[in-house]
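Below is one structure; the comments refer to it alone.
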Amino acid sequence: MRAEDLLGKVSASFDTLIECADEHGGLFPSVLDRFSARAPDAMPPAIAGQRDGDRAYRGSNLIHDEAALKTLYALADALDRPHYAAAADRYIERFATHCTDTPSGLFPWGEHAFWDLERDRIGNSRHLRNPDDASGAIHDHLRQAPLWLWEKLQHFNPRCVQGFARGLDGHWTEGEGWEYIRHAHIEEERRHGRGARSCDFPRHGGFYIFDWAFAHAHSGDNRWIEQIERMVDYWWPRRDERNLLLIESRSPIEDTHFYDTNAPGQTLSLAISLLESAPLLDATHPQLAGTMRRRASAYIDGFFNAPHDPDAGVFVILSKRAGNVVAQAMPVWGSVYGVWPSSYVALSCLCGYRITGDRRLFDWAAAVGHAYAREALPDDVAVPAMDAGLGLGLLADLYSVSGDKNWLDSGLALAESAIACYFDAVLPRGAAGIDWYESQMGPSFLQHGLAHIALLARDGAECPLQADYTAR
């Protein structure tokens, strides 16, 4: 399929989303009928591996749409359509100025919260799962908020950036000593108590470090440095002799999934967030930035000490600390809640490779890339659009890094399959075999991946769209 045809499909989907956003101040609706481009009368049933408490029915979720907005900015230049950049700005400005003034300072975005477009207020995904749930909306980052997005939020509303940094304190929990949790209250300024599990996933600590580093770079507020130092030191003594980190620091022994379980992908995620945060602190806190880089290097070593077998296509997401044996491997296709597609981690590897030049990271990502080049989209699995989008993004970035045309050819072949699977209407399917668009399933990654491979094919090194490394 020609690059122009791929770009035409992606552009048509954006044209429809932009039109839908007109009645919502620029925000993209999360769930739409693909043919009428209207919200369905009832929330469609969850697909296998999806939780209703993660969805944004009749709402909008900036974290879901981040990759689409990044793509719009690039296409504005690549296709000479300045209204695309204007639409992306309108979305982010609306969010920054209308949706961020919360009691805690935390934003209604991510895994369990959104902006309710019907009620024009904070939306609570857990109410979609159980309308009788009396708890308030919960903040969970879901993915990394990238530098370019923070810069846009800073431009439109600097106050919301500092408020968010303040609100992140709500992820620390009540009790003796410091412990954090990936969940925090949005609608009140109150810390969680501690339950049987800590739920302090390493990757979330990296997200907060980056958020605080950006807030400090734009304010000079040393409260954020104190928070960064506390979080940088949090996991360091908790690593094992292989420099691997547990999926959470405290789990009951009877919980066999979490107890004694290392998370190699999350160990790498924290490393990459440390590497991306360090440059924001070099000018004011070079010693702290140096510590972050050294610890990131150790965590990268830890990732490679996990029991991966790339030659056999075994890409480990969880391993048991005792014996360093595989507890769970990542699939190529068909991710579900808690189990990422292997492209998720492979893209983090390429992000780390670009920063460090560590060849191990490129080789691991290339092994995953070969799996995507080799394994066709299955026709009997409701593969989320995210899987196809990140697979395309991986192949595109492997080509961008290496210049090896085989990666480009594989990406274009996957793009053709993805168009046939997801794009038989103007809006893409949220997952293979379903008939609605849903942002929670990752169609923004599919739009980004298709545009990235098409622009690389058309423009080569002049491609204006960069890789998206927020899935980590």
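Can you tell which of 278, 322, 271 is open to solvent by 50 Å² or more (accessible area, probe 1.4 Å) and touching a residue at least 12 places away in the same chain (Cβ under 8 Å)?
Values: 278 fails: open to solvent by 50 Å² or more (accessible area, probe 1.4 Å); 271 fails: open to solvent by 50 Å² or more (accessible area, probe 1.4 Å).
Within the list 278, 322, 271, the selection yields 322.
In the set (1) more than 29 Å from residue 184 (Cβ to Cβ); (2) open to solvent by 40 Å² or more (accessible area, probe 1.4 Å); (3) touching a residue at least 24 places away in the same chain (Cβ under 8 Å), residue 51 fails one condition alone, (1). The residues listed here are 327, 365, 385; of these, the one that is farther than 21 Å from residue 432 by Cβ, among the aliphatic types (A, V, I, L, M) and buried (at least 21 other Cβ atoms within 10 Å of the Cβ) is 365.
Cβ separations smaller than 9 Å between residues 6+ apart or across chains give the following pairs from region 451-472 residues that are more than 18 Å from residue 349 (Cα to Cα) and at pLDDT below 95 to residues that are open to solvent by 10 Å² or more (accessible area, probe 1.4 Å) and in a loop (DSSP other than H, G, I, E, B): 461/403.
Listed here are the residues, each with its yes/no results for (1) touching a residue at least 12 places away in the same chain (Cβ under 8 Å); (2) more than 30 Å from residue 158 (Cβ to Cβ); (3) hydrophobic (A, V, I, L, M, F, W, C); (4) open to solvent by 10 Å² or more (accessible area, probe 1.4 Å).
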residue: 238; (1), (2), (3), (4): no, yes, no, yes
residue: 246; (1), (2), (3), (4): yes, yes, yes, yes
residue: 265; (1), (2), (3), (4): yes, yes, no, no
residue: 301; (1), (2), (3), (4): yes, yes, no, yes
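Within region 256-302, being more than 21 Å from the chain's Cα centre (by Cα) and aromatic (Phe, Trp, Tyr) holds for 258, 259.
Scanning region 295-341 for residues that are hydrophobic (A, V, I, L, M, F, W, C) and assigned to a loop (DSSP other than H, G, I, E, B) turns up 306, 315, 322, 330, 332, 333, 340. On inspection, residue 203 qualifies as touching a Ser or Thr at 6+ places or on another chain (Cβ under 7 Å), buried (at least 17 other Cβ atoms within 10 Å of the Cβ) and not in a loop (DSSP other than H, G, I, E, B). Restricting region 103-129 to residues that are within 23 Å of residue 45 (Cα to Cα) and free of Cβ contacts under 8 Å to residues at least 12 places away in the same chain leaves a set whose member that is nearest to the chain's Cα centre (by Cα) is 127.
Inside region 1-36, residues that are basic (Lys, Arg) and open to solvent by less than 70 Å² (accessible area, probe 1.4 Å) make up a count of 1.
With the condition kept exactly as written, say whether any residue in region 442-452 is open to solvent by 10 Å² or more (accessible area, probe 1.4 Å), part of a helix (DSSP H, G or I) and either over 23 Å from residue 340 (Cα atoms) or touching a Phe, Trp or Tyr at 6+ places or on another chain (Cβ under 7 Å) (or both). No, because not a single residue in region 442-452 is open to solvent by 10 Å² or more (accessible area, probe 1.4 Å), part of a helix (DSSP H, G or I) and either over 23 Å from residue 340 (Cα atoms) or touching a Phe, Trp or Tyr at 6+ places or on another chain (Cβ under 7 Å) (or both). The numbered conditions (1) under 29 Å from residue 410 (Cα atoms); (2) open to solvent by 30 Å² or more (accessible area, probe 1.4 Å) are all true for residue 39 except (1). Listed by position, the helices (runs of 4 or more DSSP H) inside region 73-186 whose residues that are open to solvent by less than 10 Å² (accessible area, probe 1.4 Å) number at least 3 are 82-98, 147-156, 158-167. If you go through region 400-424 and pick out every residue that is surrounded by 17 or more Cβ atoms within 10 Å (Cβ to Cβ) and either over 12 Å from residue 452 (Cβ atoms) or not polar (S, T, N, Q) (or both), you end up with 12. Within region 16-27, residues that are under 11 Å from residue 87 (Cα atoms) and touching a residue at least 24 places away in the same chain (Cβ under 8 Å) have Cβ atoms under 6 Å from residues that are not aliphatic (A, V, I, L, M) and not in a helix (DSSP H, G or I) in these pairs: 17/28; 21/28; 27/60, counting only partners at least 6 apart in sequence or on another chain. Does residue 222 meet the test of being on the phi < 0 side of the Ramachandran plot and open to solvent by 10 Å² or more (accessible area, probe 1.4 Å)? So residue 222 passes the test.
The values are calculated or read from the model by the stated rules, or taken from the named source; none is laboratory data. Remember, it's a predicted structure, so these values are computed and weren't measured experimentally. Note that we place each Cβ from the backbone using ideal geometry, even for glycine, and neighbour counts take in every protein chain shown. Surface areas here come from the heavy atoms of the whole protein model, side chains and all, with no ligands, DNA or RNA. Shrake-Rupley method; radii C 1.70, N 1.55, O 1.52, S 1.80 Å.
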